[in-house]
Ligand SMILES: CC(C)(COP(=O)(O)OP(=O)(O)OC[C@H]1O[C@@H](n2cnc3c(N)ncnc32)[C@H](O)[C@@H]1OP(=O)(O)O)[C@@H](O)C(=O)NCCC(=O)NCCS
(Lines give C-alpha, C1' and ligand atoms only; values in the text may rest on other atoms or scores of the structure.)
Protein backbone atom coordinates (compact mmCIF):
# COMPACT_ATOMS: atom_id res chain seq x y z
CA UNK A 1 0.00 0.00 0.00
CA UNK A 2 1.31 3.49 -0.88
CA UNK A 3 2.43 5.62 2.08
CA UNK A 4 0.06 8.52 2.71
CA UNK A 5 1.19 11.89 4.03
CA UNK A 6 -0.30 12.39 7.47
CA UNK A 7 -1.58 15.90 8.24
CA UNK A 8 -2.32 15.80 11.95
CA UNK A 9 -4.87 18.54 12.67
CA UNK A 10 -5.21 18.99 8.87
CA UNK A 11 -2.67 21.79 9.15
CA UNK A 12 -2.38 23.61 5.79
CA UNK A 13 -4.64 21.06 4.06
CA UNK A 14 -7.06 22.68 1.60
CA UNK A 15 -10.36 20.78 1.50
CA UNK A 16 -12.63 23.11 -0.48
CA UNK A 17 -12.87 26.12 -2.71
CA UNK A 18 -15.05 28.87 -1.31
CA UNK A 19 -16.37 32.26 -2.38
CA UNK A 20 -17.31 33.13 1.18
CA UNK A 21 -14.19 34.35 2.95
CA UNK A 22 -10.43 34.74 2.81
CA UNK A 23 -8.49 34.34 6.04
CA UNK A 24 -4.95 35.61 5.37
CA UNK A 25 -3.00 34.56 8.42
CA UNK A 26 0.35 35.98 7.32
CA UNK A 27 -0.94 39.50 6.77
CA UNK A 28 -3.79 39.49 9.29
CA UNK A 29 -6.54 40.10 6.74
CA UNK A 30 -10.16 38.92 6.66
CA UNK A 31 -12.39 39.28 3.60
CA UNK A 32 -16.08 38.34 3.30
CA UNK A 33 -16.68 37.92 -0.41
CA UNK A 34 -15.23 41.12 -1.89
CA UNK A 35 -15.43 43.23 1.27
CA UNK A 36 -13.09 43.75 4.24
CA UNK A 37 -14.83 42.24 7.27
CA UNK A 38 -13.59 45.21 9.33
CA UNK A 39 -15.43 47.68 7.06
CA UNK A 40 -18.57 45.57 7.11
CA UNK A 41 -18.51 45.63 10.91
CA UNK A 42 -18.23 49.43 10.96
CA UNK A 43 -20.67 50.35 8.19
CA UNK A 44 -23.22 47.53 7.99
CA UNK A 45 -25.63 45.46 10.08
CA UNK A 46 -26.07 41.79 10.95
CA UNK A 47 -28.80 41.33 8.32
CA UNK A 48 -26.86 43.13 5.57
CA UNK A 49 -23.77 40.97 6.08
CA UNK A 50 -25.87 37.80 6.34
CA UNK A 51 -27.41 38.78 3.00
CA UNK A 52 -23.92 39.22 1.54
CA UNK A 53 -22.86 35.75 2.68
CA UNK A 54 -26.08 33.93 1.78
CA UNK A 55 -27.06 35.69 -1.48
CA UNK A 56 -23.64 36.83 -2.69
CA UNK A 57 -24.11 40.60 -2.48
CA UNK A 58 -25.02 43.36 -0.06
CA UNK A 59 -28.77 43.96 -0.23
CA UNK A 60 -30.68 46.80 -1.82
CA UNK A 61 -33.06 48.53 0.59
CA UNK A 62 -35.90 46.36 -0.70
CA UNK A 63 -33.91 43.13 -0.35
CA UNK A 64 -32.85 44.13 3.16
CA UNK A 65 -36.41 44.79 4.24
CA UNK A 66 -37.51 41.48 2.79
CA UNK A 67 -34.78 39.60 4.69
CA UNK A 68 -35.58 41.43 7.94
CA UNK A 69 -39.25 40.54 7.58
CA UNK A 70 -38.45 36.88 6.96
CA UNK A 71 -36.19 36.74 10.01
CA UNK A 72 -38.82 38.45 12.18
CA UNK A 73 -41.53 36.09 10.96
CA UNK A 74 -39.46 33.05 12.00
CA UNK A 75 -38.26 33.98 15.49
CA UNK A 76 -40.90 32.28 17.61
CA UNK A 77 -40.12 28.79 18.90
CA UNK A 78 -42.58 25.96 18.24
CA UNK A 79 -44.39 24.80 21.40
CA UNK A 80 -42.73 21.36 21.37
CA UNK A 81 -39.28 23.00 21.45
CA UNK A 82 -40.18 25.15 24.46
CA UNK A 83 -41.69 22.13 26.23
CA UNK A 84 -38.54 20.09 25.65
CA UNK A 85 -36.24 22.93 26.76
CA UNK A 86 -38.28 23.18 29.95
CA UNK A 87 -37.32 19.59 30.78
CA UNK A 88 -33.54 20.11 30.60
CA UNK A 89 -31.95 20.15 34.07
CA UNK A 90 -30.61 23.53 35.20
CA UNK A 91 -26.99 22.36 35.39
CA UNK A 92 -26.80 21.47 31.70
CA UNK A 93 -24.61 24.06 29.98
CA UNK A 94 -26.06 26.56 27.52
CA UNK A 95 -24.23 25.18 24.46
CA UNK A 96 -25.69 21.73 25.08
CA UNK A 97 -29.12 23.31 25.46
CA UNK A 98 -28.65 25.25 22.22
CA UNK A 99 -27.51 22.11 20.40
CA UNK A 100 -30.59 20.25 21.68
CA UNK A 101 -32.94 23.12 20.87
CA UNK A 102 -31.58 23.36 17.32
CA UNK A 103 -31.91 19.59 16.94
CA UNK A 104 -35.58 19.85 17.84
CA UNK A 105 -36.14 22.24 14.91
CA UNK A 106 -35.78 19.34 12.45
CA UNK A 107 -38.81 18.98 10.21
CA UNK A 108 -39.82 16.06 8.00
CA UNK A 109 -39.83 18.32 4.93
CA UNK A 110 -36.22 19.42 5.51
CA UNK A 111 -34.57 16.91 3.28
CA UNK A 112 -31.58 17.40 0.98
CA UNK A 113 -30.72 19.89 -0.44
CA UNK A 114 -30.92 22.61 2.23
CA UNK A 115 -32.70 25.83 1.26
CA UNK A 116 -32.32 29.50 2.14
CA UNK A 117 -35.78 29.40 3.71
CA UNK A 118 -34.55 26.75 6.18
CA UNK A 119 -31.36 28.74 6.82
CA UNK A 120 -33.29 31.94 7.61
CA UNK A 121 -35.75 30.13 9.84
CA UNK A 122 -32.94 28.54 11.86
CA UNK A 123 -30.91 31.76 12.13
CA UNK A 124 -34.01 33.58 13.37
CA UNK A 125 -34.71 31.01 16.10
CA UNK A 126 -31.27 30.50 17.62
CA UNK A 127 -31.31 33.77 19.63
CA UNK A 128 -34.78 32.86 20.92
CA UNK A 129 -33.52 29.50 22.20
CA UNK A 130 -30.67 31.16 24.12
CA UNK A 131 -32.92 33.86 25.60
CA UNK A 132 -35.64 31.35 26.47
CA UNK A 133 -33.19 29.19 28.38
CA UNK A 134 -31.66 32.14 30.20
CA UNK A 135 -35.09 33.31 31.35
CA UNK A 136 -35.95 29.81 32.58
CA UNK A 137 -32.69 29.66 34.56
CA UNK A 138 -33.34 33.10 36.04
CA UNK A 139 -36.91 32.14 36.95
CA UNK A 140 -38.40 34.92 34.82
CA UNK A 141 -41.06 34.70 32.12
CA UNK A 142 -39.35 34.28 28.71
CA UNK A 143 -40.05 37.29 26.51
CA UNK A 144 -41.61 36.87 23.10
CA UNK A 145 -39.47 38.31 20.29
CA UNK A 146 -40.11 42.00 19.63
CA UNK A 147 -40.97 42.53 15.97
CA UNK A 148 -40.21 46.25 16.19
CA UNK A 149 -36.54 45.37 16.67
CA UNK A 150 -33.94 44.04 14.23
CA UNK A 151 -31.99 40.84 14.84
CA UNK A 152 -29.28 42.04 17.24
CA UNK A 153 -31.47 44.51 19.13
CA UNK A 154 -34.14 41.85 19.58
CA UNK A 155 -31.56 39.39 20.92
CA UNK A 156 -30.40 41.90 23.53
CA UNK A 157 -34.02 42.78 24.32
CA UNK A 158 -34.97 39.15 24.94
CA UNK A 159 -31.89 38.62 27.13
CA UNK A 160 -32.15 41.78 29.21
CA UNK A 161 -35.88 42.50 29.23
CA UNK A 162 -35.59 46.10 28.06
CA UNK A 163 -35.09 48.00 24.83
CA UNK A 164 -31.29 48.04 24.52
CA UNK A 165 -29.12 51.13 24.32
CA UNK A 166 -28.21 51.87 20.65
CA UNK A 167 -24.49 51.86 21.54
CA UNK A 168 -24.84 48.32 22.89
CA UNK A 169 -26.72 47.20 19.80
CA UNK A 170 -24.01 48.71 17.59
CA UNK A 171 -21.20 47.07 19.57
CA UNK A 172 -22.82 43.64 19.62
CA UNK A 173 -23.68 43.96 15.93
CA UNK A 174 -19.99 44.61 15.18
CA UNK A 175 -19.03 41.50 17.15
CA UNK A 176 -21.70 39.35 15.46
CA UNK A 177 -20.62 40.56 12.01
CA UNK A 178 -16.94 39.88 12.68
CA UNK A 179 -17.70 36.32 13.76
CA UNK A 180 -20.29 35.37 11.13
CA UNK A 181 -17.74 33.68 8.92
CA UNK A 182 -14.14 32.51 9.11
CA UNK A 183 -13.05 30.06 6.44
CA UNK A 184 -12.55 26.38 7.18
CA UNK A 185 -12.48 26.54 10.98
CA UNK A 186 -13.28 23.37 12.96
CA UNK A 187 -17.03 23.96 13.36
CA UNK A 188 -17.51 25.01 9.73
CA UNK A 189 -15.60 21.94 8.61
CA UNK A 190 -17.81 19.80 10.85
CA UNK A 191 -20.89 21.35 9.23
CA UNK A 192 -19.53 20.70 5.73
CA UNK A 193 -18.59 17.10 6.54
CA UNK A 194 -22.15 16.38 7.65
CA UNK A 195 -23.63 18.26 4.67
CA UNK A 196 -21.39 16.28 2.32
CA UNK A 197 -23.23 13.09 3.28
CA UNK A 198 -26.47 14.75 2.05
CA UNK A 199 -27.73 14.93 5.59
CA UNK A 200 -30.06 17.82 6.48
CA UNK A 201 -29.21 21.40 7.54
CA UNK A 202 -30.17 20.85 11.18
CA UNK A 203 -27.77 17.90 11.45
CA UNK A 204 -24.95 20.00 10.00
CA UNK A 205 -25.58 22.84 12.43
CA UNK A 206 -25.85 20.63 15.51
CA UNK A 207 -22.48 19.11 14.57
CA UNK A 208 -21.03 22.61 14.21
CA UNK A 209 -22.39 23.69 17.60
CA UNK A 210 -20.73 20.65 19.16
CA UNK A 211 -17.40 21.64 17.62
CA UNK A 212 -17.71 25.29 18.58
CA UNK A 213 -18.34 24.37 22.21
CA UNK A 214 -14.76 23.21 22.77
CA UNK A 215 -12.41 25.57 24.65
CA UNK A 216 -9.86 25.48 21.82
CA UNK A 217 -12.46 26.91 19.42
CA UNK A 218 -15.47 28.92 20.60
CA UNK A 219 -15.35 28.09 24.29
CA UNK A 220 -12.49 30.51 24.96
CA UNK A 221 -14.22 33.87 25.74
CA UNK A 222 -15.75 32.79 29.03
CA UNK A 223 -12.36 31.35 29.97
CA UNK A 224 -10.86 34.78 29.24
CA UNK A 225 -13.16 36.49 31.75
CA UNK A 226 -12.45 33.71 34.25
CA UNK A 227 -8.71 34.26 33.76
CA UNK A 228 -9.02 38.04 34.27
CA UNK A 229 -11.10 37.44 37.39
CA UNK A 230 -8.57 35.00 38.83
CA UNK A 231 -5.71 37.39 38.11
CA UNK A 232 -7.64 40.15 39.91
CA UNK A 233 -4.94 42.84 40.04
CA UNK A 234 -2.31 44.21 37.68
CA UNK A 235 0.46 43.15 40.08
CA UNK A 236 -0.74 39.56 39.94
CA UNK A 237 -0.82 39.38 36.12
CA UNK A 238 2.79 38.42 35.48
CA UNK A 239 3.18 35.81 38.25
CA UNK A 240 -0.21 34.26 37.40
CA UNK A 241 0.44 34.02 33.66
CA UNK A 242 4.02 32.88 34.17
CA UNK A 243 2.85 30.08 36.48
CA UNK A 244 0.43 28.89 33.77
CA UNK A 245 3.14 28.82 31.13
CA UNK A 246 5.61 27.13 33.51
CA UNK A 247 3.04 24.32 33.89
CA UNK A 248 2.80 24.06 30.08
CA UNK A 249 -0.77 25.36 30.04
CA UNK A 250 -2.30 27.65 27.41
CA UNK A 251 -3.33 31.24 27.87
CA UNK A 252 -6.89 31.67 26.68
CA UNK A 253 -7.52 34.37 24.08
CA UNK A 254 -4.07 33.98 22.50
CA UNK A 255 -2.80 32.00 19.52
CA UNK A 256 -4.47 30.91 16.32
CA UNK A 257 -3.97 28.14 13.79
CA UNK A 258 -4.04 30.50 10.82
CA UNK A 259 -3.16 33.99 12.11
CA UNK A 260 0.55 34.34 12.70
CA UNK A 261 0.13 38.05 13.23
CA UNK A 262 -2.55 40.03 15.05
CA UNK A 263 -6.07 38.66 14.47
CA UNK A 264 -7.82 41.51 12.57
CA UNK A 265 -11.05 40.76 14.46
CA UNK A 266 -9.22 41.34 17.75
CA UNK A 267 -7.96 44.70 16.47
CA UNK A 268 -11.47 45.79 15.49
CA UNK A 269 -13.11 44.51 18.68
CA UNK A 270 -10.49 46.16 20.87
CA UNK A 271 -11.71 49.52 19.51
CA UNK A 272 -15.37 48.58 20.01
CA UNK A 273 -14.73 47.37 23.57
CA UNK A 274 -12.63 50.39 24.52
CA UNK A 275 -15.35 52.79 23.36
CA UNK A 276 -17.81 51.14 25.74
CA UNK A 277 -15.42 50.49 28.61
CA UNK A 278 -13.30 53.65 28.83
CA UNK A 279 -13.82 53.97 32.61
CA UNK A 280 -14.14 50.29 33.43
CA UNK A 281 -11.35 48.96 35.70
CA UNK A 282 -12.04 45.45 34.36
CA UNK A 283 -11.11 46.58 30.84
CA UNK A 284 -8.03 48.38 32.14
CA UNK A 285 -6.93 45.15 33.82
CA UNK A 286 -7.78 43.10 30.70
CA UNK A 287 -5.59 45.26 28.44
CA UNK A 288 -2.77 44.98 30.98
CA UNK A 289 -3.19 41.17 31.03
CA UNK A 290 -3.07 41.19 27.24
CA UNK A 291 0.24 43.08 27.19
CA UNK A 292 1.83 40.86 29.84
CA UNK A 293 0.47 37.73 28.09
CA UNK A 294 2.01 38.80 24.78
CA UNK A 295 5.35 39.53 26.44
CA UNK A 296 5.44 36.15 28.17
CA UNK A 297 4.30 34.19 25.12
CA UNK A 298 7.16 35.77 23.16
CA UNK A 299 9.50 34.65 25.96
CA UNK A 300 8.18 31.10 26.37
CA UNK A 301 7.26 30.31 22.74
CA UNK A 302 9.65 32.54 20.77
CA UNK A 303 9.12 30.78 17.44
CA UNK A 304 5.36 30.43 17.59
CA UNK A 305 4.14 33.96 16.75
CA UNK A 306 1.34 33.89 19.33
CA UNK A 307 -0.90 36.96 19.29
CA UNK A 308 -4.17 38.08 20.80
CA UNK A 309 -7.09 36.33 19.11
CA UNK A 310 -10.73 37.33 18.59
CA UNK A 311 -11.89 35.64 21.79
CA UNK A 312 -9.96 38.00 24.05
CA UNK A 313 -11.87 41.10 22.97
CA UNK A 314 -15.06 39.19 22.20
CA UNK A 315 -15.21 38.60 25.94
CA UNK A 316 -14.67 42.31 26.58
CA UNK A 317 -17.42 43.39 24.17
CA UNK A 318 -19.97 40.86 25.41
CA UNK A 319 -19.22 41.76 29.00
CA UNK A 320 -19.54 45.49 28.20
CA UNK A 321 -23.01 45.05 26.72
CA UNK A 322 -24.07 43.15 29.83
CA UNK A 323 -24.11 39.52 28.70
CA UNK A 324 -23.40 36.76 31.20
CA UNK A 325 -20.31 34.57 30.72
CA UNK A 326 -22.55 31.54 30.22
CA UNK A 327 -23.90 32.90 26.96
CA UNK A 328 -20.65 34.12 25.37
CA UNK A 329 -20.16 30.97 23.29
CA UNK A 330 -23.87 30.57 22.47
CA UNK A 331 -23.77 34.18 21.22
CA UNK A 332 -20.83 33.21 19.01
CA UNK A 333 -23.05 30.41 17.62
CA UNK A 334 -25.89 32.90 17.04
CA UNK A 335 -23.57 34.75 14.64
CA UNK A 336 -21.56 31.86 13.17
CA UNK A 337 -24.72 30.05 12.05
CA UNK A 338 -24.67 32.51 9.14
CA UNK A 339 -21.28 31.27 7.95
CA UNK A 340 -22.02 27.62 8.74
CA UNK A 341 -25.21 27.69 6.70
CA UNK A 342 -23.56 29.59 3.83
CA UNK A 343 -20.92 26.83 3.72
CA UNK A 344 -23.58 24.12 3.84
CA UNK A 345 -25.30 25.73 0.84
CA UNK A 346 -21.97 26.01 -0.95
CA UNK A 347 -21.14 22.37 -0.20
CA UNK A 348 -24.56 21.27 -1.43
CA UNK A 349 -24.12 23.18 -4.68
CA UNK A 350 -20.94 21.27 -5.53
CA UNK A 351 -20.96 18.19 -3.38
CA UNK A 352 -18.62 15.30 -2.98
CA UNK A 353 -18.64 13.30 0.25
CA UNK A 354 -15.73 14.30 2.52
CA UNK A 355 -13.95 11.09 3.34
CA UNK A 356 -10.28 11.27 4.36
CA UNK A 357 -8.21 8.27 5.40
CA UNK A 358 -6.23 7.08 8.38
CA UNK A 359 -3.07 5.04 8.56
CA UNK A 360 -3.54 1.80 10.50
CA UNK A 361 -0.88 1.51 13.18
CA UNK A 362 -2.35 -1.58 14.86
CA UNK A 363 -1.27 -5.21 14.51
CA UNK A 364 -2.33 -7.27 11.49
CA UNK A 365 -4.07 -10.58 12.17
CA UNK A 366 -1.90 -13.71 11.65
C1 LIG B 1 -6.17 28.40 18.89
C2 LIG B 1 -5.21 27.23 19.13
C3 LIG B 1 -6.04 25.98 19.45
C4 LIG B 1 -4.42 26.97 17.83
O5 LIG B 1 -3.68 25.85 18.05
P6 LIG B 1 -2.63 25.21 17.03
O7 LIG B 1 -2.56 25.96 15.76
O8 LIG B 1 -2.96 23.79 16.90
O9 LIG B 1 -1.31 25.43 17.76
P10 LIG B 1 -0.57 24.28 18.47
O11 LIG B 1 -1.52 23.60 19.40
O12 LIG B 1 0.11 23.45 17.43
O13 LIG B 1 0.49 25.03 19.33
C14 LIG B 1 1.73 25.44 18.83
C15 LIG B 1 2.61 25.79 20.01
O16 LIG B 1 2.16 27.03 20.54
C17 LIG B 1 1.74 26.85 21.89
N18 LIG B 1 0.51 27.61 22.08
C19 LIG B 1 -0.49 27.82 21.18
N20 LIG B 1 -1.43 28.60 21.73
C21 LIG B 1 -1.01 28.89 22.98
C22 LIG B 1 -1.56 29.64 24.02
N23 LIG B 1 -2.75 30.25 23.89
N24 LIG B 1 -0.91 29.73 25.18
C25 LIG B 1 0.30 29.11 25.33
N26 LIG B 1 0.88 28.37 24.36
C27 LIG B 1 0.23 28.27 23.21
C28 LIG B 1 1.49 25.37 22.05
O29 LIG B 1 1.63 24.96 23.38
C30 LIG B 1 2.55 24.80 21.15
O31 LIG B 1 3.78 24.86 21.81
P32 LIG B 1 4.87 23.70 21.65
O33 LIG B 1 5.09 23.54 20.18
O34 LIG B 1 6.03 24.22 22.40
O35 LIG B 1 4.25 22.48 22.24
C36 LIG B 1 -4.24 27.53 20.27
O37 LIG B 1 -3.51 28.70 19.96
C38 LIG B 1 -4.92 27.67 21.61
O39 LIG B 1 -5.15 26.65 22.28
N40 LIG B 1 -5.25 28.94 22.05
C41 LIG B 1 -5.95 29.12 23.31
C42 LIG B 1 -7.44 28.90 23.13
C43 LIG B 1 -8.10 30.03 22.38
O44 LIG B 1 -7.90 31.19 22.68
N45 LIG B 1 -8.91 29.64 21.38
C46 LIG B 1 -9.65 30.58 20.57
C47 LIG B 1 -9.17 30.53 19.17
S48 LIG B 1 -9.88 31.82 18.17
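The values are calculated or read from the model by the stated rules, or taken from the named source; none is laboratory data. No experiment lies behind these values; they were computed from the predicted model shown. Ideal geometry is used to build each Cβ from the backbone, glycine not excepted, and the neighbour counts take in all protein chains shown.
Within the range 79-95, the residues that satisfy the criterion of being touching a residue at least 12 places away in the same chain (Cβ under 8 Å) and touching a helix residue (DSSP H, G or I) at 6+ places or on another chain (Cβ under 9 Å) are 81, 82, 84, 85, 86, 88, 90, 93, 94, 95.
If you go through the range 9-32 and pick out every residue that is within 30 Å of residue 360 (Cβ to Cβ) and at pLDDT 90 or above, you end up with 6. With respect to (1) within 13 Å of the ligand (Cβ to nearest atom); (2) more than 17 Å from the chain's Cα centre (by Cα), the lone exception for residue 284 is condition (1). In this entry, residue 172 passes the filter for residues that are under 23 Å from residue 324 (Cβ atoms), part of a helix (DSSP H, G or I) and either away from the ligand (no atom under 16 Å from the Cβ) or modelled with pLDDT under 95 (or both).
In the set (1) more than 8 Å from the ligand (Cβ to nearest atom); (2) closer than 12 Å to residue 293 by Cα; (3) outside any helix (DSSP H, G or I), the condition left unmet by residue 259 is number (2).
The residues on offer are 212, 159, 241, and the sole one that is surrounded by fewer than 24 Cβ atoms within 10 Å (Cβ to Cβ) and either in the same structural domain as residue 31 (by TED's automatic domain parsing) or within 25 Å of residue 41 (Cβ to Cβ) (or both) is 159. Only residues that are at pLDDT 90 or above and within 11 Å of the ligand (Cβ to nearest atom) were counted in the range 206-215, giving 2. If you go through the range 11-42 and keep only what is within 16 Å of the ligand (Cβ to nearest atom), without any contact (Cβ under 8 Å) to a residue 40 or more places away in the chain and surrounded by 10 or more Cβ atoms within 10 Å (Cβ to Cβ), you end up with 13, 24. Taking the criterion of being in contact with a strand residue (DSSP E or B) (Cβ under 8 Å, 6 or more places away or on another chain), farther than 20 Å from residue 331 by Cβ and part of a helix (DSSP H, G or I), the only residue of the range 43-90 that qualifies is 52.
Against the list (1) within 13 Å of the ligand (Cβ to nearest atom); (2) without any contact (Cβ under 8 Å) to a residue 24 or more places away in the chain, the condition residue 148 fails is (1). Counting only residues that are within 14 Å of the ligand (Cβ to nearest atom) and part of a loop (DSSP other than H, G, I, E, B), which one in the range 262-281 is nearest to residue 303 (Cα to Cα)? Among residues in the range 262-281 that are within 14 Å of the ligand (Cβ to nearest atom) and part of a loop (DSSP other than H, G, I, E, B), the one nearest to residue 303 (Cα to Cα) is 262.
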